[in-house]
Amino acid sequence: MKVRAVYPGSFDPITNGHIYIAERAAAVFDEVIVSVLVNSNKKSTFSVSERCAMAREALGHVKNIKVDNFNGLLIDYARRENANVIIRGLRAMSDFEYEFQMALMNRKLAPDIETFFIVTDPKYSYVSSSSIREIFSFGGSIEEVVPPIVYSKLQEHFKK
Ligand code: PNS
């Protein structure tokens with residue numbers, strides 16, 4: 001039986017840290033869906049279609065990854081997609097509390113869906129989409145931690 005995994009997130013924008021986790025997941029699971037959350041309550045810098053387009057370009061080299069978006073509960077989406085694994089990346093202990101709570105809640109809602117954590121490479125341990133947006137908006141250098149498509153979209157967005 002093929003194992004299909006969902007790697008959900010805001011991906012606003014996707015970073016090299018996310019790409020690293022997606023590649024590692026794709027090396028273990030048959031299919032990985034990198035799925036961008038459509039959350040109208042949370043103000044995002046990039047639209048869902050922009051976030052998906054960046055992720056698609058950045059992950060185009062991995063054959064068993066597809067990029068999609070979802071609305072509503074993650075476990076409902078995973079079921080619709082016949083995915084029984086959720087992937088989340090862990091950077092530091094500070095991620096753990098939130099991730100632990102989310103994994104337990106998802107398990108309570110859907111005991112048949114497993115959450116797998118992949119620990120990041122130390123070189124990405126400090127990388128987050130929010131810090132990238134902030135650093136870039138103030139003129140800091142972030143070229144090494146985002147894929148080229150994201151760098152050019154950030155330049156376009158912040159008109160640098
Ligand atoms: O990249 P993020 O913002 O840390 O990702 C968070 C995400 C998208 C995984 C989480 O907010 C989520 O799953 N949202 C969908 C709604 C849902 O299922 N909530 C219950 C989680 S316990």
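The values are calculated or read from the model by the stated rules, or taken from the named source; none is laboratory data. If you're wondering where the values come from, they're calculated on a predicted model, not measured in any experiment. Counting neighbours? That spans all protein chains shown, and the Cβs are built from the backbone with ideal geometry, glycine included. Ligands, DNA and RNA are stripped out before the accessible areas are found, and what is left, the full protein with its side chains, is counted by its heavy atoms. Shrake-Rupley method; radii C 1.70, N 1.55, O 1.52, S 1.80 Å.
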Members of the range 40-58 found to be surrounded by fewer than 22 Cβ atoms within 10 Å (Cβ to Cβ) and closer than 25 Å to residue 155 by Cβ, listed by number: 42, 43, 44, 45, 47, 48, 49, 50, 52, 53, 56, 57
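At least 1 residues that are in contact (Cβ under 8 Å) with a residue 24 or more places away in the chain and more than 15 Å from the ligand (Cβ to nearest atom) in each: list the strands (runs of 3 or more DSSP E) lying fully within the range 49-151 that qualify. Break it down stepwise before answering.
Values: elements: 65-70, 85-90, 114-119.
Counting at least 1 such residues, we get 65-70, 114-119.
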Selection count, the range 10-48, where residues are within 10 Å of the chain's Cα centre (by Cα) and without any contact (Cβ under 8 Å) to a residue 40 or more places away in the chain: 3
Whichever residue in the range 115-153 is more than 17 Å from the chain's Cα centre (by Cα) and acidic (Asp, Glu) and, among such residues, is most open to solvent (accessible area, probe 1.4 Å): 144
Only listed residue being open to solvent by less than 10 Å² (accessible area, probe 1.4 Å) and within 11 Å of the ligand (Cβ to nearest atom), chosen from 36, 32: 36
